[in-house]
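Note sheet for the following structure.
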Amino acid sequence: SKTPVRVAVTGAAGQIGYALLFRIASGEMLGKDQPVILQLLEIPDEKAQNALKGVIMELEDCAFPLLAGVEAHSDPLQAFKDTDYALLVGARPRGPGMERADLLAANAQIFTAQGKALNAVASRNVKVLVVGNPANTNAYIAMKSAPDLPAKNFTAMLRLDHNRAASQLAAKTGTKVGDIKKLTVWGNHSPTMYADYRFATTNGQSIKDLVNDQVWNADTFLPTVGKRGAAIIAARGLSSAASAANAAIDHMRDWALGSNGEWVTMGVPSNGEYGIPAGVVFGFPVTTAGGEYKIVEGLEIDAFSQERINITLAELQGEQDGVKHLL
Ligand code: NAI
């Protein structure tokens, strides 16, 4: 049987952690033949560490055959030791009266420390997924704080936006989500993201032709996908967790095991593709194979799309400018 791989998860006692760990341990992320060792990180706070202990008891009680070990940590230098995968879920949420700049600064501190720790102790091939918001900027900070690791190994989660868009398009076209191909989401994981179905097909038919309604695109589809997180908070009283965990599983599974030629969306550092300045962590269409992703190049960007891409890029550059002095 295969040698176990090490999977670090931060914020492990949080909502998303609770929806995520059991699926990693059951083999849904890295395959039903791949044993995993979970290296879980929480803040040193006693309540968080106790909650983490409870989650670990439940992991034990699931008796997952693929779970080769579980560790609880409060220090990223221990949690990230030799880790092959790192899912950075824990982040500082916006508290009452907290300004955006304070939020960025609080997260810059967390992701600088975690980037440095990954740089010091993780596997040299570690694949990093940042889920904690602001996800793109946190991924950028971690990447900048880990100069000895390949920049391409730092990614941000746009997959929930991608999956939300796929679900809306399946409903609109009366087809199945699994039949939808070549969908992507450009930009920042925020309401400014640009979900783009111009190239998408369902059962081989163009979704753009089937929908044939640019007003629906601009006034219904994009706001629905962009504000879906807020709609879930309004309905549930809590932010999306199971769907976020599911998207994290999808992102890592496709990165590790390949997308079989299909497009998926990942937030990855630009190399200048589509005029996005190098280093900006941006949602792009990618294909994945052999543990590597490749940005889909050569797509036409029409005027509407360029306008949307410019908006989400400007927001992202504003965030990155806001943390530059902290790096
Ligand atoms: P939560 O508040 O339930 O859990 C977060 C956990 O992280 C807490 O247990 C907290 O103690 C821990 N934590 C905070 N700072 C930490 C640090 N420095 N090291 C280790 N652990 C730390 O939050 P939830 O619902 O699990 O969400 C986690 C993050 O994911 C949030 O930032 C949220 O905004 C983000 N998110 C991102 C999505 C995306 O599509 N990219 C979708 C949904 C949520």
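Quick notes
- Candidates Leu210, Leu160, Leu222 - the one that is away from the ligand (no atom under 16 Å from the Cβ), under 21 Å from the mean Cα position of the chain (by Cα) and in a helix (DSSP H, G or I): Leu222
- Annotation for the range 229-239: no member residue is under 19 Å from Asp196 (Cα atoms), within 13 Å of the ligand (Cβ to nearest atom), in a helix (DSSP H, G or I) and touching a strand residue (DSSP E or B) at 6+ places or on another chain (Cβ under 9 Å).
- Selected residue [within 12 Å of the ligand (Cβ to nearest atom), touching a helix residue (DSSP H, G or I) at 6+ places or on another chain (Cβ under 6 Å), in a loop (DSSP other than H, G, I, E, B) and touching a residue at least 40 places away in the same chain (Cβ under 8 Å)] from Ala19, Ala13, Ala8, Ala108: Ala13
- Output for the range 49-76, where each listed residue is more than 14 Å from the ligand (Cβ to nearest atom), surrounded by fewer than 17 Cβ atoms within 10 Å (Cβ to Cβ) and assigned to a helix (DSSP H, G or I): Met57, Glu58, Glu60, Asp61
Let's see how each residue does on (1) modelled with pLDDT under 95; (2) within 20 Å of the chain's Cα centre (by Cα); (3) assigned to a helix (DSSP H, G or I); (4) within 14 Å of the ligand (Cβ to nearest atom):
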{"site": "Arg124", "(1), (2), (3), (4)": "no, no, no, no"}
{"site": "Asn136", "(1), (2), (3), (4)": "no, yes, yes, yes"}
{"site": "Ala139", "(1), (2), (3), (4)": "no, yes, yes, yes"}
{"site": "Leu149", "(1), (2), (3), (4)": "no, yes, no, no"}
{"site": "Ala165", "(1), (2), (3), (4)": "no, yes, yes, yes"}
{"site": "Gly178", "(1), (2), (3), (4)": "no, no, yes, no"}
{"site": "Arg198", "(1), (2), (3), (4)": "no, no, no, no"}
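- Test: residue in the range 309-323 that is more than 16 Å from the chain's Cα centre (by Cα), more than 15 Å from the ligand (Cβ to nearest atom) and among the hydroxyl-bearing types (Ser, Thr, Tyr): no
- Residues of the range 93-109 classified as surrounded by 18 or more Cβ atoms within 10 Å (Cβ to Cβ) and either within 19 Å of Gly14 (Cα to Cα) or touching a strand residue (DSSP E or B) at 6+ places or on another chain (Cβ under 8 Å) (or both), total: 2
- Candidate set: the range 244-286, residues that are more than 29 Å from Ile233 (Cα to Cα) and among the acidic types (Asp, Glu); chosen: the one surrounded by the most Cβ atoms within 10 Å (Cβ to Cβ): Glu273
- Here Ala113 meets the list (1) of a type in the set (A, V, I, L, M); (2) near the ligand (Cβ under 9 Å from one of its atoms); (3) surrounded by 19 or more Cβ atoms within 10 Å (Cβ to Cβ) almost entirely, failing just condition (3).
- The residue pairs whose first member lies in the range 137-161 and is closer than 30 Å to Ala231 by Cβ, whose second member is within 8 Å of the ligand (Cβ to nearest atom) and assigned to a strand (DSSP E or B), and whose beta carbons are closer than 6 Å, counting only pairs six or more residues apart or on different chains, are Asn138/Val130; Ala139/Val130; Ala139/Ala156; Ala156/Val130.
- Verdict on Lys144 being away from the ligand (no atom under 14 Å from the Cβ), more than 19 Å from Thr288 (Cα to Cα), of a type in the set (Lys, Arg) and touching a Leu at 6+ places or on another chain (Cβ under 8 Å): yes
- Residues that are farther than 17 Å from Leu316 by Cβ and either within 14 Å of the ligand (Cβ to nearest atom) or in a loop (DSSP other than H, G, I, E, B) (or both) within the range 88-104 comprise Leu88, Val89, Gly90, Arg92, Pro93, Arg94, Gly95, Pro96, Gly97, Met98, Glu99, listed in sequence order.
The values are calculated or read from the model by the stated rules, or taken from the named source; none is laboratory data. Everything quoted here is computed from the prediction, not taken from an experiment. Please note: Cβ atoms are built from the backbone with ideal geometry, for glycine as well, and neighbour counts cover all protein chains shown.
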